[in-house]
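The values are calculated or read from the model by the stated rules, or taken from the named source; none is laboratory data. Remember, it's a predicted structure, so these values are computed and weren't measured experimentally. Note that we place each Cβ from the backbone using ideal geometry, even for glycine, and neighbour counts take in every protein chain shown. All accessible areas refer to the heavy atoms of the entire protein, side chains included, with ligands and DNA or RNA removed. Shrake-Rupley method; radii C 1.70, N 1.55, O 1.52, S 1.80 Å.
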Amino acid sequence: MNRPKKNLYIKTYGCQMNVYDSEQIALILGRDYDLTDRPEEADLYLINTCSIRRKSEEKVLSLVGRLKGLKNRRPQMLLGVGGCVAQQEGERLLQRAPHLDLVFGAQGIYRLPHLLHQRLESGKAVVDTSFSADLPYISGQVTPGAPKKLVTIMQGCNNYCTYCVVPYVRGPERSRPAAEVINEVQDFLRQGGQEVTLLGQNVNSYGKGLADGLSFPGLLRRLAKLPGLIRLRFTTSHPRDLSDDLICCFAELPPLCDHIHLPVQAGSNHILARMHRGYTREEYLHKVNRLRQICPGISLTTDLIVGFPGETEADFADTLALMREVAFDAAFYFKYSPRPQTAAAALVDQIPEPVKAERLARLRTLQEELSLASNQRLVGQFKEVLVEGLSKQQNQQLCGRLRSNQVVNFDGPQDLIGRMVWVRIEKANLHSLGGHRCQP
């Protein structure tokens, strides 16, 4: 007789890699646990964390503190923290939150059944922040009817940018064998899937260390030939490793969407060098120009950091000037925050918080102008939209994305979810578009 399954609740913070990792957690524990969206009913409550910025870490620690009350009301509930904050803090998390049962790092998700068994057998909290060079990947479960899927192709990073904690919490680069990636995508397409996003801390480095020597452009070319693949995306791409071969893929491969997320971080050569980014402002702009030559109209998005140690007003002005020259369609932007173990945290010329806040406000104002102008240029155009689900902003509306990644809200029946439709863009908002279904 099968034992009834317990309830698993997962709270996810951070990037698409963390979203994918949470899917992996649910799959790995699926033999004994069913997912619930009601945390108060959880037998196992897991928090998958991000530590790329201090604010993200603070959110996690605040939630852990609040959950002490739920733990007291449900003493049988197991509470665990995983991912980057867990990898970074390890045993220190137990000292700050003794009510935790489990602390597991970025690779600990694959050992969760064993860790849970260890916790139940010993009655003591378990910590696992070890790295393994031969850790397996597990193909993510496909939700029936889901039009798109995240597929991890590599983990870790070897770049050691001076502000970034990723190499310390995710470990060194490790590429997934191409056959595994292709098989996972094929399985998804056989079930009616249409769009795949390839994930990695630096997808451009894919293939290093693999026996077959397949490069990232080579993997894209193989995937683009698979029947049924309508859209192919990837993130994140390091500018230093953006090769001309990869740029040419945007012209050669029909499924490859005309959008690239290319984090610049700063527009000053002085700051880029201090960040250890491995490229200059001029080299970045050259690659942007090359992308636009190969794929006119390509959507460009980026990441930006303000207030990096030693950033002068002139350095910041260089960043604003680069933003205007590139005219990014959208951007994620943040105040610099020192992270444990990183080289930049030890620099003496830290920027005062009020200065960082004032610069961030100016940068936000400029980017909002650029983003709105970018969206306004699409008004009146007919665009193909992959319908992803119901709109979060407008009741009874559908939501989807263009090939260039902009979000579109429009009226339509729910049976359109998972299908491609044509929409006439009629309204431009700061973060989304509005339109009506039509024939092109």
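Residues of segment 297-312 falling in the label zone of residue 325, defined by backbone nitrogen less than 20 Å from a point 7 Å along Cα to beta-carbon, are 297-308, 311-312. For the pair residue 312 and residue 289, a Förster radius of 25 Å applied to the C-beta separation gives a FRET efficiency near 0.40, rounded to the nearest 0.05.
Among the cysteines of the chain, those with no neighbouring cysteine Cβ under 4.7 Å are 15, 50, 84, 157, 248, 249, 257, 295, 399, 438. Segment 250-273 and segment 1-69 have Cα centres spaced 32 Å apart. Amide H contacts of residue 149 (H built 1.01 Å from N, in plane; Pro and chain starts excluded): 195, 196, 197 sit under 5 Å, all sequence-distant by 5 or more or on other chains.
Quick check: net charge around residue 206, other residues with Cβ under 9 Å of its Cβ, Lys/Arg +1 and Asp/Glu -1? Display every interim value, and only then the final one.
Details: positive: 176, 208; negative: 173.
Surrounding charge for residue 206 is +1.
Taking label points 7 Å from Cα along the Cα-to-Cβ direction, residue 369 and residue 392 give a separation of 2.8 nm. Between residue 379 and residue 355, the FRET efficiency from the beta-carbon distance, with R0 = 30 Å, is close to 0.20.
Given +1 at the Cβ of Lys and Arg, -1 at the Cβ of Asp and Glu and no other charges, the dipole of segment 61-102 around its Cα centre is 280 debye to the nearest 20.
Using a probe radius of 1.4 angstrom, the carbon and sulfur fraction of the accessible surface of the chain is 51%. Summing +1 for each Lys or Arg and -1 for each Asp or Glu among the other residues whose beta-carbon sits under 13 angstrom from that of residue 328 gives -2. Taking max minus min of the alpha-carbon positions on each principal axis, segment 40-122 gives extents of 33, 28, 22 Å, largest first.
Listed by chain and number, the aspartates and glutamates whose alpha-carbon sits under 20 Å from that of residue 59, ignoring those within fewer than 8 places in the same chain, are 21, 37, 40, 89, 91, 101, 353. Between residue 439 and residue 179, the simple label model (points 7 Å from Cα in the Cβ direction) yields a spacing of 4.9 nm. Accessible surface computed residue by residue for the chain, with neighbouring protein chains in place and a 1.4 Å probe, gives 45 Å² per residue.
Measure up 149/225; 6/55; 5/124 against 29 Å on the Cα-Cα distance and list the ones that go over. Exceeds cut-off: 6/55.
In a simple Cβ point-charge model (Lys, Arg +1; Asp, Glu -1; nothing else charged), the chain has a dipole of about 680 debye relative to its Cα centre.
Across segment 161-173, coupling constants 3J(HN,Hα) worked out from phi with the 6.51/-1.76/1.60 Karplus curve, θ = phi - 60°, read 4, 5, 9, 9, 8, 3, x, 7, 9, 10, x, x, 4 Hz, and Gly and Pro carry x.
The DSSP beta bridges internal to the chain are antiparallel in roughly 30% of cases. Where [x] 39, 24, 19; [y] 34, 29, 23; [z] 46, 27, 22 are the candidate values, the label of the one calculated here for semi-axes √(5λ) of the Cα gyration tensor in Å is [y].
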